[in-house]
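K.L.:
My questions all concern the structure below.
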Amino acid sequence: MNTQSAAPYSADVIIIGSGAGGAAAAYALAKRGLRVLILEKGPELPRDGSTLDINRVVHEGEFLSRERWMGSRGERLMPEEHFNLGGKTKWYGAALLRFSPSEFDAELPYGARGWPIRHAEIEPYYAEAESMLGVKQHPCEKDLDRILNRLSRTTPAWVSAPLPLALSQNIVDNRIEATHFDGFASVSGLKGDAEVSFLATLRHMPNVEIRCDAEVTTLLPAVSARGTIDGVRLKNGDILRAQAIVLAAGALHSPRLVSRYIAASNPLLPAATNVGRNLKLHLLTALVALSPGRKTDLLRKTMLTVNEQFPHSSLQPLGFDGELIGTLIPKFIPRFIARQIGARAYGFFLQTEDGSANENRVLEITNPKSGEVTPVLDYDENRTPRASVEHRRFVRAFQLSLLKMGMPSFGQRIGLNGTAHVCGTLSAGDDSRDSVVDSRGAVFDVNGLYVADGSILPRISRVNPSLSIYAWGLRVGTLLGQQLLKPAPQFLREASVGMGV
């Protein structure tokens with residue numbers, strides 16, 4: 001790797017983004033002694049309790065991105081993105097599951113691409129991420145236990161198992177946190193996330209710097225080496241350089257930075273035609289099941305349920321209490337009635353693996369007159385018809401089983417604004433003709449540029465992808481650290497012992 005530049009390096013490695021992949025890669029690099037600079041577009045979240053406030057988080061959307069997008073038919077979108085230290089992991093529902101070995105294989109009839117690595121190659125990083133995040137199982141509470149037992153008796157094809165969660169065992173002693181972890185940011189550190197579990201261990205290390213409110217707008221080519229990226233330009237005009245740049249801005253944002261670089265510096269890059277393509281997101285339905293009795297469970301989201309008639313789908317309870325479930329009830333119903341319904345309801349989150357379609361993509365268009373740049377989500381689930389058909393059948397089957405139990409239900413599809421679990425826009429593979437990133441996380445035919453976020457996922461599986469993104473980030477950071485061949489100094493070896501690594 002070229003290590004020369006006309007400008008001094010700000011760090012050995014610059015990481016763009018502080019979510020799951022970025023934080024994990026930073027941890028793996030920093031513990032080897034490399035100088036790491038983490039650039040986060042957003043601020044650090046407040047710890048005043050506002051991130052647990054239903055009105056501010058749900059109704060006002062105070063902590064959501066306001067970036068405006070366009071859909072494939074010209075419609076206006078505002079994806080539910082979060083720009084803050086720790087990224088979306090501060091807000092997610094803490095469900096951390098491994099992909100199965102078969103989900104690393106291609107399944108071409110379904111439209112599922114294969115990984116360039118085998119499950120065994122990422123398994124050690126799964127284990128490391130689970131340890132860092134404090135992943136554990138929590139007891140199934142009485143209301144959910146009653147529902148799932150009746151479900152399996154009514155329709156034996158439904159099988160449930162404990163859901164691995166990055167939640168402290170003590171969270172049940174804090175009612176506010178216990179009923180507001182799914183979609184809310186913890187104030188007390190009771191939820192494992194990129195900041196609490198990874199960045200907090202790096203904050204006081206002399207070889208790590210974290211900058212918030214530092215938006216990267218441009219990837220910069222090296223002055224003295226063609227085909228090499230060694231710098232970034234920030235929105236405020238600052239230029240920073242390093243031996244390697246790790247993209248971890250997320251699947252909606254990382255490909256836009258790569259596209260800008262290609263347009264300005266390297267239009268003949270072999271992988272250029274694949275950048276932003278193969279966009280995937282789970283097909284999602286939020287479902288509310290009604291019953292006569294009040295529900296008193298706190299966590300709720302403690303079990304995963306599958307049905308092998310639908311091999312690409314799974315469901316889990318929403319970690320929503322009655323007040324939150326009330327927000328899912330149609331607006332034409334008076335709110336006091338919605339609250340009463342919510343108190344007697346249980347919420348579920350049904351998801352189906354999306355296939356890969358080259359036409360589903362992220363791009364930017366520029367107005368030739370004003371110069372205004374608009375990001376575009378060119379996505380249509382009908383381009384992956386098998387996934388769409390399975391999801392509809394899956395939802396109907398679960399609703400029918402609930403109805404047999406005396407629990408009528410209604411569902412709401414999560415559309416593009418939700419952008420839950422979006423991935424695939426810089427897909428990893430073996431060949432630049434149909435992929436962007438290789439098995440090490442390096443962008444094909446570009447020196448110095450690596451990707452550690454969910455944009456690399458060739459397929460999204462039937463379960464939440466967060467743990468796989470953490471594991472991939474650890475693997476990218478480990479392999480890049482070995483490549484840069486810098487031994488850890490004494491102070492870091494001592495720090496590593498204290499960190500248990």
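Every number here is computed from the coordinates shown, using simple stated rules; none is lab data. Model, not experiment: these values are computed from the prediction. Virtual Cβ from ideal backbone geometry, glycine too; neighbours counted across all protein chains shown.
K.L.:
Could you sort the peptides 69-82, 316-329 by per-residue average Cβ neighbour count (10 Å cutoff), highest mean leading?
P.N.:
Averaged packing, sorted descending, gives the order 316-329, 69-82.
K.L.:
Considering only C-alpha atoms, what is the centroid distance from segment 237-316 to segment 135-200, in Å?
P.N.:
Each part's Cα centre sits 21 Å from the other's.
K.L.:
At a temperature of 20 °C and a viscosity of 1.002 mPa s, determine how fast segment 1-105 diffuses translationally according to Stokes-Einstein, using the Kirkwood radius over alpha-carbon pairs as Rh; express D in µm²/s, rounded to the nearest whole number.
P.N.:
The diffusion coefficient I find is 125 µm²/s.
K.L.:
Taking 0.36 nm per residue of sequence separation and subtracting the Cα-Cα distance, how much length would be gained by fully extending the chain between ARG233 and THR327, in nm to one decimal? Mind dumping the intermediate values first?
P.N.:
Working: separation 94, 0.36 × 94 = 33.84 nm, distance 4.14 nm.
Value of the extension gain: 29.7 nm.
K.L.:
Checking the cross-link filter: which aspartates and glutamates have an alpha carbon closer than 14 Å to that of LYS280, excluding same-chain neighbours under 8 positions apart?
P.N.:
Cα-Cα hits under 14 Å: GLU353, ASP354, GLU359, ASP378, ASP380, GLU381, ASP453.
K.L.:
For a test of the definition: using alpha carbon positions, the gyration tensor, and the 1.5 limit on a/c, classify segment 35-156 as rounded, prolate or oblate.
P.N.:
Note, shape of segment 35-156 comes out rounded.
K.L.:
Moving to a separate point now. Please list, in chain and number order, the residues 5+ apart from ALA251 or on another chain whose amide H is under 5 Å from its amide H, with Hs placed from the backbone.
P.N.:
The answer is GLY454, SER455.
K.L.:
Write out the trypsin sites (Lys or Arg not before Pro) in segment 223-257 meeting two conditions: DSSP loop, and at most 12 other Cβ atoms within 10 Å of their Cβ.
P.N.:
Passing both the DSSP loop test and the Cβ count: ARG226, LYS235.
K.L.:
With the contact rule set at Cα under 8 Å and sequence spacing of 6 or more, what percent relative contact order holds for segment 1-131?
P.N.:
This gives 18 percent for segment 1-131.
K.L.:
Further, regarding this structure: Can you list the aspartates and glutamates whose alpha carbon is less than 12 Å from that of LYS31, not counting same-chain residues fewer than 8 positions off?
P.N.:
Within the straight-line cut-off, LYS31 pairs with GLU494.
K.L.:
List the extent of the Cα atoms of segment 388-431 along each of their three principal axes, largest first, rounded to whole Å.
P.N.:
51, 24, 14
K.L.:
One-quarter of the Cα convex hull surface for segment 136-257, in nm²?
P.N.:
Result: a mean projected hull area of 12.6 nm².
K.L.:
Return the Rg/Rh value of the chain, two decimal places, where both radii are evaluated on C-alpha atoms and Rh is the Kirkwood radius. Can you show the working numbers first?
P.N.:
Values: Rg = 22.4 Å, Rh = 23.2 Å.
When Rh is taken as the Kirkwood radius, the ratio is 0.96.
K.L.:
Share of antiparallel DSSP beta bridges in the chain, in percent to the nearest 5? Intermediate values should be presented prior to the final figure.
P.N.:
Details: 49 of 69 bridges.
The antiparallel fraction comes to roughly 70 percent.
K.L.:
Pick out, in residue order, every one of the trypsin sites (Lys or Arg not before Pro) in segment 257-335 that is DSSP loop and has at most 13 other C-beta atoms within 10 Å; say none if there are none.
P.N.:
In loop regions of segment 257-335 (DSSP not H, G, I, E or B), the sparsely surrounded trypsin sites (Lys or Arg not before Pro) are ARG294, LYS331.
K.L.:
Find the relative contact order for the chain and round it to a whole percent, using C-alpha pairs within less than 8 Å whose residues are 6+ positions apart.
P.N.:
RCO, the chain: 25 percent.
K.L.:
By per-residue mean of other Cβ atoms within 10 Å, what is the highest-first order of 346-353, 286-293, 475-482?
P.N.:
346-353, 475-482, 286-293
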